[in-house]
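Below is one structure, written out as structure tokens; comments come after it.
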Amino acid sequence: MSQKLRVGILGATGMVGQRFISLLENHPWFEVTVVAASARSAGKTYEEAVGGRWKMTTPMPEGVKKLVVMNVNEVEAVAAGVDFVFSAVDMSKDEIKAIEEAYAKTETPVVSNNSAHRWTPDVPMVVPEINPQHFEVIKYQKQRLGTTRGFIAVKPNCSIQSYAPVLTAWKEFEPYEVVATTYQAISGAGKTFKDWPEMVENIIPYIGGEEEKSEKEPLRLWGEIKNGVIEPAQEPKITCQCIRVPVLNGHTAAVFVKFRKKPTREQLIEKLESFRGVPQELDLPSAPKQFIRYMTEDNRPQVQLDVDYENGMGVSIGRIREDSIYDFKFVGLSHNTVRGAAGGAVLCAETLKAQGYIQPK
Ligand SMILES: NC(=O)c1ccc[n+]([C@@H]2O[C@H](COP(=O)([O-])OP(=O)(O)OC[C@H]3O[C@@H](n4cnc5c(N)ncnc54)[C@H](OP(=O)(O)O)[C@@H]3O)[C@@H](O)[C@H]2O)c1
């Protein structure tokens, strides 16, 4: 590709915004040309606006340090400098809904990390290995918005990435009942231990809104487009508990599954290891080569050892074994701010670009 697509990051100074900035350093297709945040940061250089809030373990990329932060609310001005935007602003749900639609209406595609539009019926919510066909609903969304190239696409919640891909790989065995407990990292709340010292040696048994998202969002991934909207699947029924644990990055899930067609343990492992999707077929820049790996050691996956598997874009699974009440149980691990947030959105944008939905303006 001769010319990179120009991308803006809404909420660039935040935890997820910083992750976008890091992942897009030296990206072969996309170049960050605009960074935008609240009025508090607007007018400062990115380096000044972030100040001591840089939370990545790698240094701030030189290319963004001197960019002057724009105000997210100055939609026309931001849109003028980009071919599309990633959204990671933290505002109220209604404000996010409105601002993302305003960007789409300037003919600027929005690939969002936020939950505001995850249930808007004609907005695709995509994990590219699971349901890239949902991008086809964009044509109906454009009709509603009155746009030719502007639209909104979103990625799902971070907590489901440790089990939804697994259940997808096992679809032919018809999983119908799932119990999942997720052990979620503090970066999922935009925090480090420095900002949240109460989490050291602690567990908090509540994450607002997370259990409902963890139970319902997988069903939308497995849904179908009917009459111009995405209709969620009805099964498997999922019940969840979501627990905050003293881990910086990495959401672990402990999961029990009942199947209508009983598989063997060997079949379950084989389905995980052979699971491939569009990102692997197209060899997209951020695609993990092996999306789901199965680890045979009894004490894996472990956050410290395994969270960065495939640069944080792969999912590690272990401990598949028969259960005395359910059919099988397993443990899954994924990186919540890479695969579960910014990285998942970058992979969506790469898929959208490869399929012609995002082009230079
Ligand atoms: N952290 C995760 O793992 C994760 C995963 C999935 C989804 N999310 C979602 O992603 C979003 C961002 O999360 P985060 O953890 O990155 O939050 P964060 O660290 O608090 O960052 C929030 C960003 O939004 C900007 N912002 C805040 N209020 C604004 C306003 N009124 N107008 C314009 N910009 C405003 C901030 O700019 P200033 O710096 O100028 O204040 C900052 O850039 C949230 O909606 C969150 O729920 C997070």
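From the list ARG339, ARG260, ARG276, exactly one residue is surrounded by fewer than 24 Cβ atoms within 10 Å (Cβ to Cβ), under 15 Å from ILE130 (Cβ atoms) and in contact (Cβ under 8 Å) with a residue 40 or more places away in the chain. Which is it? The unique qualifying residue is ARG276.
If we scan the range 72-93, do we find a residue that is in contact (Cβ under 8 Å) with a residue 40 or more places away in the chain, part of a loop (DSSP other than H, G, I, E, B), open to solvent by 50 Å² or more (accessible area, probe 1.4 Å) and within 9 Å of the ligand (Cβ to nearest atom)? Yes, because at least one residue in the range 72-93 is in contact (Cβ under 8 Å) with a residue 40 or more places away in the chain, part of a loop (DSSP other than H, G, I, E, B), open to solvent by 50 Å² or more (accessible area, probe 1.4 Å) and within 9 Å of the ligand (Cβ to nearest atom).
If you go through the range 71-101 one residue at a time, how many are among the aliphatic types (A, V, I, L, M) and out of contact with any Ser or Thr (no Cβ under 9 Å at 6 or more places or on another chain)? Count: 2. All but one of (1) surrounded by fewer than 24 Cβ atoms within 10 Å (Cβ to Cβ); (2) under 25 Å from GLY188 (Cβ atoms) hold for SER316; state the number of the condition that does not hold. With respect to (1) surrounded by fewer than 24 Cβ atoms within 10 Å (Cβ to Cβ); (2) under 25 Å from GLY188 (Cβ atoms), SER316 is out only on (1).
If I filter the range 20-43 down to residues being touching a strand residue (DSSP E or B) at 6+ places or on another chain (Cβ under 9 Å), near the ligand (Cβ under 9 Å from one of its atoms) and open to solvent by 30 Å² or more (accessible area, probe 1.4 Å), which single residue comes out as nearest to ALA341 (Cα to Cα)? Once the filter is applied, the top-ranked residue is SER38. Scanning the range 44-57 for residues that are at pLDDT below 95 and either more than 13 Å from the ligand (Cβ to nearest atom) or within 21 Å of PHE84 (Cα to Cα) (or both) yields one hit, THR57.
Scanning the range 122-134 for residues that are away from the ligand (no atom under 15 Å from the Cβ), open to solvent by less than 70 Å² (accessible area, probe 1.4 Å) and over 18 Å from TYR103 (Cβ atoms) turns up PRO128, GLU129, ILE130, ASN131, PRO132, HIS134. Taking the criterion of being within 13 Å of the ligand (Cβ to nearest atom), open to solvent by less than 10 Å² (accessible area, probe 1.4 Å) and hydrophobic (A, V, I, L, M, F, W, C), the residues of the range 169-193 that qualify are ALA185, ILE186.
None of PRO175, PRO197, PRO232 is within 17 Å of GLY332 (Cα to Cα) and at pLDDT 95 or above except PRO175. What is the one condition in (1) within 22 Å of VAL16 (Cβ to Cβ); (2) touching a residue at least 60 places away in the same chain (Cβ under 8 Å); (3) of a type in the set (Ser, Thr, Tyr) that TYR206 does not satisfy? Condition not satisfied by TYR206: (2). For the range 1-25, a residue qualifies if it is over 19 Å from ASN114 (Cα atoms) and in contact (Cβ under 8 Å) with a residue 24 or more places away in the chain, and the qualifying residues are MET1, GLN3, LYS4, LEU5, ARG6, GLU25. Taking the condition open to solvent by 40 Å² or more (accessible area, probe 1.4 Å) and either within 20 Å of the chain's Cα centre (by Cα) or within 13 Å of the ligand (Cβ to nearest atom) (or both), does LYS97 pass? Here the answer is yes, as LYS97 does meet what is asked.
Out of contact with any Cys (no Cβ under 8 Å at 6 or more places or on another chain), open to solvent by 10 Å² or more (accessible area, probe 1.4 Å), within 12 Å of the ligand (Cβ to nearest atom) and of a type in the set (Lys, Arg), is that true of LYS105? So that I can check it myself, show each step before the final result.
Values: out of contact with any Cys (no Cβ under 8 Å at 6 or more places or on another chain): yes; open to solvent by 10 Å² or more (accessible area, probe 1.4 Å): yes; within 12 Å of the ligand (Cβ to nearest atom): no; of a type in the set (Lys, Arg): yes.
No: the conditions fail for LYS105.
For the range 249-286, filtering for residues that are farther than 22 Å from CYS348 by Cα and within 17 Å of the chain's Cα centre (by Cα) leaves 2.
Of note, ILE269 does not satisfy the criterion of being in contact with a Phe, Trp or Tyr (Cβ under 6 Å, 6 or more places away or on another chain), open to solvent by less than 10 Å² (accessible area, probe 1.4 Å) and at pLDDT 95 or above. Tallying residues that are open to solvent by 30 Å² or more (accessible area, probe 1.4 Å), closer than 16 Å to ALA164 by Cβ and either under 21 Å from the mean Cα position of the chain (by Cα) or without any contact (Cβ under 8 Å) to a residue 12 or more places away in the chain (or both) within the range 220-241 yields 3.
Can you confirm whether TRP196 is without any contact (Cβ under 8 Å) to a residue 12 or more places away in the chain and either away from the ligand (no atom under 16 Å from the Cβ) or crowded, with 16+ Cβ neighbours inside 10 Å (or both)? When the stated conditions are applied, TRP196 passes them. If you check GLY63, GLY17 for being within 7 Å of the ligand (Cβ to nearest atom), under 28 Å from LEU352 (Cα atoms) and in a helix (DSSP H, G or I), only one passes: GLY17.
The values are calculated or read from the model by the stated rules, or taken from the named source; none is laboratory data. Keep in mind the model is a prediction, meaning the values are calculated, not measured. Every residue, glycine among them, receives a Cβ derived from its backbone with ideal geometry; neighbour counts consider all protein chains shown. Ligands, DNA and RNA are stripped out before the accessible areas are found, and what is left, the full protein with its side chains, is counted by its heavy atoms. Shrake-Rupley method; radii C 1.70, N 1.55, O 1.52, S 1.80 Å.
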